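Reviewing the structure listed below.
The values are calculated or read from the model by the stated rules, or taken from the named source; none is laboratory data. Small disclaimer: the values here were computed from a predicted structure and weren't measured. Positions of Cβ are generated from backbone atoms using ideal geometry, with glycine treated the same way; all protein chains shown enter the neighbour counts.
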Amino acid sequence: MASTLILYHSGYGHTRRIAERLGRRLEEGGEQVAVLSLDDPAVDLERYERVIIGASIRNGKHKPEVIDFIERNLALLESRSGGFFSVNLVARKPGKNRPETNPYLVKFLENCPWTPDLVGVFAGNLDYSRYRFFDRHIIRFIMWLTKGPTDLNTKVEYTDWDEVDRFAGRIAELPAGRAAEAA
C-alpha cells in the first residue's frame with residue numbers, strides 16, 4: 001500500500017474538487033492519501049512515496065506559485081513517483097483534451113524543471129457568477145474567442161469525471177517511489 005500526496009492549486013475550487021475525487025478513488029483502492037493545498041504550510045513531501053500536483057489555469061497560465069513550489073522541491077519530487085494534472089476550459093474542446101494537445105499543459109511542461117511520470121488534463125467548469133469582475137470579463141473574452149458560452153448567467157461543468165477516475169487508476173499503478181526501486 002503506497003502513500004500518496006495530492007497537492008492542488010485552485011483559483012475557484014474546482015481543481016480542489018478534482019484532487020479530492022482522485023484522493024477518494026485511491027482510498028477506495030486501499031491507498032493512504034492526503035489531499036492538501038499547495039499553499040498549506042503542513043506539506044511534508046518526505047512522508048509520501050508518490051506526489052501528484054494539480055493546478056488550474058488563470059488568465060492563460062498556471063500561477064507562478066506552482067513552478068516556484070516545484071523548483072523549491074525539485075530534488076524530492078525527482079526522488080518520488082509523481083504526476084501533474086492541469087485543469088482548464090480549453091480542455092473542453094475535442095483535440096485539446098489530451099496532455100499532448102492541450103496548449104496550456106504543453107507550455108507548462110516545456111518550462112517546468114520537473115518531468116512527472118504521469119500527466120493529465122481535465123476540463124474545468126464555467127460559472128461566471130463566481131468570478132471576480134476582472135476574471136469574469138477576461139474569461140468571457142476568451143470564451144468569445146474560442147466560441148464558448150458568453151452569457152454571464154452560464155454555469156456549465158465540462159469535467160469528464162470518468163476520465164478523472166481513470167487518472168486515479170493510473171496514479172495507483174505508479175511505483176511506490178523511485179528511491180525504493182533503486183535500493
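Which one is nearest to the chain's Cα centre (by Cα) among residues in segment 43-61 that are closer than 22 Å to Glu173 by Cα and part of a strand (DSSP E or B)?
Filtering segment 43-61 for residues that are closer than 22 Å to Glu173 by Cα and part of a strand (DSSP E or B), the one nearest to the chain's Cα centre (by Cα) comes out as Gly54.
Go through (1) outside any helix (DSSP H, G or I); (2) in contact (Cβ under 8 Å) with a residue 40 or more places away in the chain; (3) out of contact with any Leu (no Cβ under 8 Å at 6 or more places or on another chain); (4) loosely packed, with under 15 Cβ neighbours inside 10 Å and name the single condition Asn153 misses.
(2)
Out of Glu27, Glu65, Glu20, Glu46, I need the residue that is assigned by TED's automatic domain parsing to the domain that holds Ala172 and in contact with a His (Cβ under 8 Å, 6 or more places away or on another chain). Which one?
Glu65
Out of Leu76, Leu145, which single residue is out of contact with any helix residue (DSSP H, G or I) (no Cβ under 8 Å at 6 or more places or on another chain) and among the hydrophobic types (A, V, I, L, M, F, W, C)? Steps first, answer last, please.
Working: Leu76 fails: out of contact with any helix residue (DSSP H, G or I) (no Cβ under 8 Å at 6 or more places or on another chain).
The unique qualifying residue is Leu145.
Please work out which residue is farthest from Val119 (Cα to Cα), limiting yourself to segment 1-24 and to residues that are touching a helix residue (DSSP H, G or I) at 6+ places or on another chain (Cβ under 9 Å) and among the hydroxyl-bearing types (Ser, Thr, Tyr). Reasoning before the result, please.
Taking segment 1-24 first, the residues touching a helix residue (DSSP H, G or I) at 6+ places or on another chain (Cβ under 9 Å) are 2-13, 18, 21-24.
Now restrict to residues that are among the hydroxyl-bearing types (Ser, Thr, Tyr): 3-4, 8, 10, 12.
Values: Ser3: 19, Thr4: 16, Tyr8: 14, Ser10: 17, Tyr12: 22 Å.
Step by step, filter segment 1-24, then rank; the result is Tyr12.
Tally time: how many residues in segment 15-42 are crowded, with 19+ Cβ neighbours inside 10 Å and either at pLDDT below 95 or not in a helix (DSSP H, G or I) (or both)?
Total meeting the criteria: 3.
Could you list, in sequence order, the residues of segment 62-80 that are buried (at least 21 other Cβ atoms within 10 Å of the Cβ) and part of a loop (DSSP other than H, G, I, E, B)?
Arg80
Tell me whether segment 5-12 contains one or more residues that are at pLDDT below 95, outside the structural domain of Tyr131 (by TED's automatic domain parsing) and in a strand (DSSP E or B).
Of all residues in segment 5-12, those at pLDDT below 95 come to 10-12.
Adding the requirement that they be outside the structural domain of Tyr131 (by TED's automatic domain parsing) leaves 10-12.
Keeping just the survivors that are in a strand (DSSP E or B) gives none.
Looking for residues that are at pLDDT below 95, outside the structural domain of Tyr131 (by TED's automatic domain parsing) and in a strand (DSSP E or B), one finds none in segment 5-12, hence no.
Which one of the conditions (1) farther than 30 Å from Val33 by Cα; (2) charged (D, E, K, R); (3) out of contact with any helix residue (DSSP H, G or I) (no Cβ under 6 Å at 6 or more places or on another chain) does Arg136 fail to meet, given that it meets all the rest?
With respect to (1) farther than 30 Å from Val33 by Cα; (2) charged (D, E, K, R); (3) out of contact with any helix residue (DSSP H, G or I) (no Cβ under 6 Å at 6 or more places or on another chain), Arg136 is out only on (3).
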